[in-house]
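Below: one structure, written as structure tokens.
The values are calculated or read from the model by the stated rules, or taken from the named source; none is laboratory data. All of these numbers come straight from a predicted model, not from anything done at the bench. Here the Cβ positions follow ideal geometry from the backbone for every residue, glycine too, while neighbour counts run over all protein chains shown.
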Amino acid sequence: MTRSDSLGRVQQFLDAIDGIVLGKRQEATVILAAWLAHGHVLLEGVPGVAKTRFARAFAQLTALSFARVQGAPDLLPQDITGGVLYDLKTGQWQFRPGPVFHHVLLVDEINRMSPRTQAALLECMEERQVTVDGISHPLPTPFLVLATQNPMEMEGTFPLPEAELDRFLISLSLGYPSAADERRLVQAFSQGDPLSQLPPIIDGPFLTNLSEAAKSVLIHDATLDYLVALCRATRDHPSIAWGVSPRTTVRFAQLARTYAFLHGHDYVTPDDLKTLAPYVLTHRLVLSQTAQVSRVHHRAVVDDLMRTVPVPVEHLP
């Protein structure tokens, strides 16, 4: 399949997503780019703005297996990863895989799980395996964790530690749709749920091939210097106590390649980096005490970084 054919199927996929979750094509493109970069996604938004539908749509349109876990304080690690159980028929202990052994795992309200249960996802998300009783069990490929948080309800929640936030390549907030999109939504549901009527468009091997092809996208020296400068600036900003890690810089570059590839580009541009920076940096920043007291928003700090870090300019002869 040629590159143009592949990108044509990607556009069909995004068109289908746009018909299910109206007005969120840019968000869908960034999520797909994160998936191709082997990253995971943290979604925020009030109830009813289609966080769960995003996950279900990605799974159904890619013909991949899907599982949903509802976050709760009494949820145990083995409820996600699985565990060793005694089989009465065979008289042996056997490993029973949990819902994490699916291609797409939706963890709804992840911050309602206890820190111990949250920690069970660390190995899954980073190393793509589950270790039980010293035996490692590989997870399926491709593998995507879509986790959601409700920013309006803080009672009975456990804030995600920085180590776990860093496992999410991107975070994004799903706001309310426009009036026109909300009207289209009502019309779309008048004949039933459109998600149940759509056949798969792409599959796992296709996604793997796209991911490999995206590695050929170039990041020129000036653009790479700009990416590094953006990440390093988070460590010197007066409103930030702890900036992003070098791992973030590496993952940012990988995401930029897949994002540029999905737009049919052979190289990453500074505009690509400026578009992606809020998705990559916002959830990773630990603000200073002064900034927290002053209620400085993480996104405002990222916007300030993009204003202050010089953008490379091509000098024409």
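Residues of region 41-56 being crowded, with 22+ Cβ neighbours inside 10 Å and either out of contact with any Lys or Arg (no Cβ under 9 Å at 6 or more places or on another chain) or over 20 Å from Pro199 (Cβ atoms) (or both), which ones?
Within region 41-56, Val41, Leu42, Leu43, Lys51 meet the criteria.
Can you pull out every residue in region 280-296 that is assigned to a helix (DSSP H, G or I) and polar (S, T, N, Q)?
Matches in region 280-296: Thr282, Gln289, Thr290, Gln292.
Pull up region 231-250, narrow it to residues that are among the aliphatic types (A, V, I, L, M) and under 22 Å from the mean Cα position of the chain (by Cα), then point me to the one that is modelled with the lowest pLDDT.
Val244
Count, please, the residues in region 6-58 that happen to be among the small types (Gly, Ala, Ser) and either in contact with a strand residue (DSSP E or B) (Cβ under 6 Å, 6 or more places away or on another chain) or assigned to a loop (DSSP other than H, G, I, E, B) (or both).
8
Evaluate the following for His315: is it out of contact with any Asp or Glu (no Cβ under 8 Å at 6 or more places or on another chain), at pLDDT below 95 and not in a loop (DSSP other than H, G, I, E, B)?
No.
Within region 228-266, can you find the residues that are more than 23 Å from Ala28 (Cα to Cα), touching a Phe, Trp or Tyr at 6+ places or on another chain (Cβ under 9 Å) and in contact (Cβ under 8 Å) with a residue 40 or more places away in the chain?
Leu230, Cys231, Thr234, Val244
Quick one: would you say Arg251 is of a type in the set (D, E, K, R) and either over 30 Å from Leu7 (Cβ atoms) or buried (at least 19 other Cβ atoms within 10 Å of the Cβ) (or both)?
yes
Looking at Glu153 and the list (1) touching a strand residue (DSSP E or B) at 6+ places or on another chain (Cβ under 9 Å); (2) within 30 Å of Trp242 (Cβ to Cβ); (3) modelled with pLDDT under 90, which single condition is not satisfied?
Glu153 satisfies all of (1) touching a strand residue (DSSP E or B) at 6+ places or on another chain (Cβ under 9 Å); (2) within 30 Å of Trp242 (Cβ to Cβ); (3) modelled with pLDDT under 90 except (1).
If you go through region 271-279 one residue at a time, do you hit one that is closer than 27 Å to Ala28 by Cα, at pLDDT 95 or above, among the small types (Gly, Ala, Ser) and assigned to a helix (DSSP H, G or I)?
Checked against the condition, which is being closer than 27 Å to Ala28 by Cα, at pLDDT 95 or above, among the small types (Gly, Ala, Ser) and assigned to a helix (DSSP H, G or I), region 271-279 yields at least one hit.
If we scan region 86-97, do we find a residue that is surrounded by 19 or more Cβ atoms within 10 Å (Cβ to Cβ) and either farther than 25 Å from Ile31 by Cα or at pLDDT below 90 (or both)?
No, region 86-97 contains no residue that is surrounded by 19 or more Cβ atoms within 10 Å (Cβ to Cβ) and either farther than 25 Å from Ile31 by Cα or at pLDDT below 90 (or both).
Return the residues of region 146-165 that are in contact with a Phe, Trp or Tyr (Cβ under 8 Å, 6 or more places away or on another chain) and surrounded by 21 or more Cβ atoms within 10 Å (Cβ to Cβ); say none if nothing qualifies.
Answer for region 146-165, where residues must be in contact with a Phe, Trp or Tyr (Cβ under 8 Å, 6 or more places away or on another chain) and surrounded by 21 or more Cβ atoms within 10 Å (Cβ to Cβ): Leu146, Ala147.
Can you report the number of residues in region 99-110 which are touching an Asp or Glu at 6+ places or on another chain (Cβ under 9 Å) and buried (at least 22 other Cβ atoms within 10 Å of the Cβ)?
The total comes to 1.
Can you go through His102, His137 and tell me which one is under 23 Å from Ser196 (Cα atoms) and assigned by TED's automatic domain parsing to the domain that holds Leu22?
Just one listed residue meets the conditions, His102.
Could you tell me which residue of region 214-224 is farthest from Leu7 (Cα to Cα), considering only residues that are surrounded by 16 or more Cβ atoms within 10 Å (Cβ to Cβ) and in contact (Cβ under 8 Å) with a residue 40 or more places away in the chain?
Checked region 214-224; the qualifying residue farthest from Leu7 (Cα to Cα) is Thr223.
Failed condition for Thr141, given (1) touching a residue at least 40 places away in the same chain (Cβ under 8 Å); (2) within 29 Å of Thr249 (Cα to Cα); (3) in contact with a Phe, Trp or Tyr (Cβ under 8 Å, 6 or more places away or on another chain), with all others met?
Single failed check for Thr141: (3).
Any residue that is of a type in the set (A, V, I, L, M, F, W, C), loosely packed, with under 15 Cβ neighbours inside 10 Å and more than 21 Å from the chain's Cα centre (by Cα) - is there at least one of those in region 127-137?
Yes; the residues of region 127-137 include at least one that is of a type in the set (A, V, I, L, M, F, W, C), loosely packed, with under 15 Cβ neighbours inside 10 Å and more than 21 Å from the chain's Cα centre (by Cα).
Given (1) out of contact with any Pro (no Cβ under 8 Å at 6 or more places or on another chain); (2) not in a loop (DSSP other than H, G, I, E, B), where does Pro159 come up short, assuming only one miss?
Pro159 satisfies all of (1) out of contact with any Pro (no Cβ under 8 Å at 6 or more places or on another chain); (2) not in a loop (DSSP other than H, G, I, E, B) except (2).
More than 26 Å from Thr117 (Cα to Cα) and at pLDDT 85 or above: which single residue out of Gln26, Gln78, Gln70 fits that description?
Gln26
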